[in-house]
């Protein structure tokens, strides 16, 4: 009998934590926020940016009594696209990416796998699947940078609502600020809307700090988004100056 009140109290505590996040605001109302007796929280919502999604998960995870999270937060797409349209865009992006030349690229649809790129002496493979606007990545690659790049490219597809990056790294690599910094730098360098030549990237724990200069507010916003798109980033401090 005691579990129900405890779950209700924890629900209120979790909702208060979410609404205390400035990016979400005091009126944030998830479509679903369910707390199980063991402290597992299921959250379902649609938010405007990946920053809002990541900060919501951070606030929820930091709530005392929450032991795990089932993440069903989706990001509003830049433009509506069908799953096939997202898959087509991502296929082209992966095939055009030089870092993936030595990888097999596969697609999964309706339970069937299709090879779209083979590679002699392949060093790994990436499997792409799209369900209801959510990109699901599996396979294995030889480095964390490649895994993170695959995720960033998936986020860049305008119709993507979420990216579930299940790619394994073989052999395993230690992760840390240096690896995150490398991945953010790669994303910035590859973004055609950002001149990264005057951007400095610093990482402490899993917080990214961007300093330096860009030529427009749009480039400033794009650089911040690129940092958020990198798997493992918990926060982004954007101190970029706009110098036309």
Only one of 119, 56, 61, 45 is touching a strand residue (DSSP E or B) at 6+ places or on another chain (Cβ under 7 Å) and modelled with pLDDT under 95, namely 119
Taking segment 130-146 and keeping residues surrounded by 20 or more Cβ atoms within 10 Å (Cβ to Cβ), more than 18 Å from residue 50 (Cβ to Cβ) and free of Cβ contacts under 8 Å to residues at least 40 places away in the same chain leaves 141, 144
Any chance segment 178-187 includes a residue that's surrounded by fewer than 20 Cβ atoms within 10 Å (Cβ to Cβ) and over 17 Å from residue 224 (Cα atoms)? yes
Those residues of segment 32-53 which are in contact with a helix residue (DSSP H, G or I) (Cβ under 6 Å, 6 or more places away or on another chain) and touching a residue at least 40 places away in the same chain (Cβ under 8 Å) amount to 50, 51
Counting only residues in segment 63-94 that are over 30 Å from residue 16 (Cβ atoms) and surrounded by fewer than 15 Cβ atoms within 10 Å (Cβ to Cβ), the one nearest to the chain's Cα centre (by Cα) is identified as 78
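I'm checking my understanding of the structure. Among residues of segment 187-202 that are part of a helix (DSSP H, G or I) and touching a helix residue (DSSP H, G or I) at 6+ places or on another chain (Cβ under 6 Å), which one is nearest to residue 222 (Cα to Cα)? Explain how you work it out, then say what you get.
Pass one, segment 187-202, residues part of a helix (DSSP H, G or I): 187-190, 196-198.
Narrowing further to those that are touching a helix residue (DSSP H, G or I) at 6+ places or on another chain (Cβ under 6 Å): 187-189, 196.
Numbers: 187: 11, 188: 9, 189: 12, 196: 11 Å.
Looking at the filtered set, the residue picked out is 188.
Residues of segment 203-244 being part of a strand (DSSP E or B) and under 19 Å from the mean Cα position of the chain (by Cα), which ones? Explain how you work it out, then say what you get.
So the first thing to find is which residues in segment 203-244 are part of a strand (DSSP E or B), and the list is 203-204, 207-214, 235-238, 241-242.
Hits for segment 203-244 are 203, 204, 207, 208, 209, 210, 235, 236, 237, 238.
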Given the conditions (1) surrounded by 14 or more Cβ atoms within 10 Å (Cβ to Cβ); (2) assigned by TED's automatic domain parsing to the domain that holds residue 22, every one holds for residue 97 apart from (2)
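The values are calculated or read from the model by the stated rules, or taken from the named source; none is laboratory data. Just so it is clear, the structure is predicted and the values come from calculations on it, not from any experiment. Cβ coordinates were reconstructed from backbone atoms using ideal geometry, including for glycine residues, and neighbour counts include every protein chain displayed.
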